[in-house]
Amino acid sequence: MTGVVVEPRSAPAEGTPLPVLRAEHVGVHFGGIKALRDVTLEVRAGEVCGLIGPNGAGKTTLFDVLSGIRRPDAGSVSLDGADVSARGPVWRARHGMRRTFQRQQLFGRLTVLDNLVVAEEWRGGGGGIAADLLGLPSRRRRERERRARAEEILELCGLAALRDTYAGTLPVGQARLVELARAVVDPPKVLLLDEPASGMSPTESRWLGEVVRRLVDHEHCAVLLVEHDVAFVMGLASRVVVLDLGAVLAEGTPAEVRANQAVRDAYLGGTA
């Protein structure tokens with residue numbers, strides 16, 4: 001991996017298509033504690049949107065709602081304009097919503113390449129059980145297609161040299177890149193990245209930012225990014241949403257958010 005400076009993207013132009021992902025007036029409470037309060041947020045294709053805020057602001061709870069792990073107590077979630085509030089995480093994943101988690105979740109005894117191929121297996125082998133047992137041409141053709149797609153994504157992520165390495169032997173930075181590649185290998189509509197730079201060195205996080213940008217350009221997907229490294233978010237995202245105490249405190253370009261006095265007081269320590 002090589003360090004590449006991530007320059008901020010320009011904000012999406014007016015007249016862009018409808019949001020790929022939209023949360024509208026979402027509320028979640030745990031007993032008397034309001035974890036999310038009337039949160040509205042949207043992300044469009046080709047856009048990286050950053051989600052920041054202090055610990056306990058509700059970022060992970062919002063990700064759980066968006067990905068279908070948790071049902072909101074109020075509000076709705078839509079994917080490609082369709083209400084998916086009643087759909088579970090498996091359904092959402094199979095319809096283009098992908099998520100990475102704070103905790104690494106690789107198949108350590110599989111190679112890097114096979115970690116990606118596994119993510120494509122849910123679509124079936126081509127020809128059913130008979131094709132799998134007999135090794136029919138339909139199955140072999142599908143397997144070649146999947147491996148070619150996996151190789152393409154590994155190349156984009158700078159991981160091609162590690163294709164035959166067992167995932168369990170990778171250091172943190174490379175393992176997180178493999179998780180990102182696996183989330184993208186089955187073409188996504190939206191990526192939910194939950195602290196993807198956690199545990200990375202500054203050089204590795206700069207490379208991660210470049211990889212995310214490559215993947216967004218290549219797949220034209222939407223990205224919602226939660227990350228405690230504010231500089232990383234500000235350098236990568238074209239738009240930033242700030243949560244505080246379960247509510248949206250501010251939203252705008254990185255420059256607008258940095259200049260927002262309420263954000264500086266609540267989260268940035270009073271400095272830009």
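We did not get these values from a lab; they are worked out from the coordinates using the rules stated. Since we're looking at a predicted model, the values are computed, not measured. In this analysis, Cβ positions are derived from the backbone assuming ideal geometry, glycine residues included, and neighbour counts consider all displayed protein chains.
Taking the charge dipole of the chain about its Cα centre, with +1 at Lys and Arg Cβ atoms and -1 at Asp and Glu Cβ atoms, the residue from 240, 191, 49 reaching farthest to the positive side is 191. Volume per residue for the chain equals 140 cubic angstrom (convex hull of Cα atoms).
Evaluated with a Cβ-only charge set (Lys, Arg +1; Asp, Glu -1), the chain carries a dipole of roughly 700 debye about its Cα centre, given to the nearest 20. Taking other residues whose beta carbon is less than 13 angstrom from the beta carbon of residue 79, and scoring Lys, Arg as +1 and Asp, Glu as -1, yields +4.
Long hydrophobic helices in the chain, taken as whole DSSP H segments with a C-alpha length of 15 Å or more on their own axis and mean Kyte-Doolittle hydropathy at least -1.0: 172-185, 202-219.
For the range 176-272, what's the relative contact order in percent, using C-alpha pairs closer than 8 Å and at least 6 residues apart? Provide the component values of the computation, followed by the final result.
Details: 95 pairs, mean separation 19.6, N = 97.
The normalised contact order for the range 176-272 reaches 20 percent.
Report the full-extension gain for the segment residue 33 to residue 145: residue separation times 0.36 nm, less the Cα-Cα distance, to one decimal in nm.
Working: separation 112, 0.36 × 112 = 40.32 nm, distance 4.89 nm.
In short, 35.4 nm is gained.
Relative to the current alpha-carbon distance between residue 164 and residue 73, full extension at 0.36 nm per residue lengthens the span by 28.2 nm.
Residues whose amide H comes within less than 5 Å of that of residue 99, counting only those at least five positions distant or on another chain, are 192 (H built at 1.01 Å from N in the peptide plane).
Amide H contacts under 5 Å for residue 195: 226, 227, restricted to partners 5 or more places along the chain or on a different chain, H placed in the peptide plane at 1.01 Å from N. Considering only trypsin sites (Lys or Arg not before Pro) in DSSP loops that have at most 11 other Cβ atoms within 10 Å, the longest stretch of the chain without any of them is 110-272. Calculate I(q)/I(0) for the range 133-272 by the Debye formula, one identical point scatterer on each C-alpha and no solvent, and give its log10 at q = 0.19 Å⁻¹ to two decimals. Summing over Cα pairs of the range 133-272 leads to -1.13. The calculated FRET efficiency for residue 94 paired with residue 218, based on their beta-carbon distance and R0 = 22 Å, is about 0.55. Defining a contact as two alpha carbons under 8 Å apart and six or more residues distant in sequence, what relative contact order in percent does the chain show? Once divided by the residue count of the chain, the mean separation gives 30 percent. Classify the range 42-198 as rounded, prolate or oblate from the Cα gyration tensor: take a ≥ b ≥ c as the square roots of its eigenvalues, call it rounded if a/c is under 1.5, otherwise prolate when a/b beats b/c and oblate if not. Here the range 42-198 falls in the oblate category.
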